[in-house]
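Asker: Shown below is the structure under consideration.
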Amino acid sequence: MQQGNQGVPLTDTEITQTDVLTLMRTYDPPPEGFDPHTAAPGLLRRHGLPRRPDPETEPELARLFKRAFVRPARYVKAELAIDPVMSRRDPLGGQDPDFGPSGWGGVAVVTSSLGYSPPEPATTVFAEWVVPEIIPWDPAPAEPITVGFWVGLDGFNNGQVLQAGIAATLTPDFWLFPGPASVNWWAWTEWYTTQYQDPAVQVTNFPVATGNTVSFLVCAPEPDHGFVSMQNLGTGQVTSVGINARPGVTSAGASAEWIIEGISADLPDFVPVTFSDCSAGTQHHAFNLTDGVVTNIQGSAGALTRASIASPTAAVVQWEGWS
């Protein structure tokens, strides 16, 4: 039986949380003068950056790589902790095969709809967006409410999802209730499966704030290994996290998503969010939102979001909470 620092047996939850962090890999910053556009493949892997696609055979993926690293960056080694907020929800809750009423608002592309023969799993998904303003309610909510913004692989109608993004919690000032509310932002990632139900992990040294432009790249370069790279263009900070799969778990790559997730009983009011430069890929092909399915978060009185495909590479999600 596993034991804690004081010799007390760990609970199943504590064992799971300890194990999850051991599955994660973080990376030391590269040396001064490092250029991801010219660095050797081994050096990219060593410092937690995705492989550089071949511009001749993978032009769309190469364009995304160039786009993601077009600005000077400050690389930091990710510091990780179990995310107590995101871990309380079921990432797959409310899903159905038709992707109808659920906790997701945005766009999903199912790889089986792309017509590849033989079928190919999605291995990469990318987007960039501006961290939106969360508009405080008046009066303030009776309890904290949270919303997430992310990109991911799987989760459409199977029992796992590999994802990363940002989240915000709107918290009322209970001392002044019904007084003003504060908003707290953070970055997180997870590889959730119904088999293990692992908690989400927060990247504690990757600050984000309203108005920052962030980009997230989620990959499954090998079926049993996940990879996340995140960049805050406002601060210039870049960090990466590798995630080893649990025994018996492999990425299915059945879908790619660009999503706003309702996490609480209510959905906080946010200004419209545009996921831009939306792109995804299999090992041999790149695709975008052209064959995407639009989904919205449903409330008791109707849709709480209105999502749309503005272009093949841009998805817009608006808050419709008063409808």
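What follows draws every value from the coordinates through simple rules; no lab data is involved. Since the structure is predicted, the reported quantities are computational estimates derived from the model, not experimental observations. Ideal geometry is used to build each Cβ from the backbone, glycine not excepted, and the neighbour counts take in all protein chains shown.
Asker: What residue among 137, 188, 150 has the largest mean-square fluctuation in a Gaussian network model of the chain, using Cα springs under 10 Å?
Answerer: It is 137.
Asker: How far apart, in nm, are the 7 Å Cα→Cβ label points at residue 66 and residue 19?
Answerer: Here the answer is 4.5 nm between the modelled labels.
Asker: When ranked by the protection proxy of mean other Cβ atoms within 10 Å per residue, highest first, what sequence do the peptides 217-228, 107-118 form?
Answerer: Sorting 217-228, 107-118 by mean packing, highest first, produces 217-228, 107-118.
Asker: Can you tell me how much longer the chain between residue 197 and residue 306 gets when fully stretched, taken as 0.36 nm per residue apart minus their C-alpha distance, in nm with one decimal?
Answerer: Stretched out fully, the residue 197 to residue 306 stretch lengthens by 36.3 nm.
Asker: Among 44, 92, 61, whose mean-square fluctuation peaks in a Gaussian network model of the chain (Cα, cutoff 10 Å)?
Answerer: Ranking 44, 92, 61 by mean-square fluctuation puts 44 first.
Asker: Now for a different question. Could you please rank 194, 146, 250, placing first whichever residue has the fewest other Cβ atoms within 10 Å of its Cβ?
Answerer: By the 10 Å Cβ count, ascending, the order reads 194, 250, 146.
Asker: Between residue 37 and residue 88, what is 0.36 nm times their sequence separation minus the Cα-Cα distance? Round to one decimal in nm.
Answerer: Taking residue 37 through residue 88 to full extension adds about 14.4 nm, to one decimal.
Asker: Evaluate segment 178-323: find the radius of gyration of its Cα atoms, find its Kirkwood radius, and give the ratio Rg to Rh.
Answerer: 0.96
Asker: If I build a Gaussian network model for the chain, linking alpha-carbon pairs within less than 10 angstrom, which residue out of 198, 269, 35 has the largest mean-square fluctuation?
Answerer: Sorting by GNM fluctuation, first place goes to 35.
Asker: Per DSSP H run of at least 4 residues, take -39500 (n - 2.57); add these up for the chain, divide by its residues and hand me the 222 nm value, nearest 500 deg cm²/dmol.
Answerer: Computed mean residue ellipticity for the chain: -2500 deg cm²/dmol.
Asker: Would you list 260, 82 from fewest to most Cβ contacts within 10 Å?
Answerer: Sorted ascending by nearby Cβ count, the order is 82, 260.
Asker: Hey, could you pull the Cα Rg and Dmax for the chain, both in Å?
Answerer: 19.3, 61
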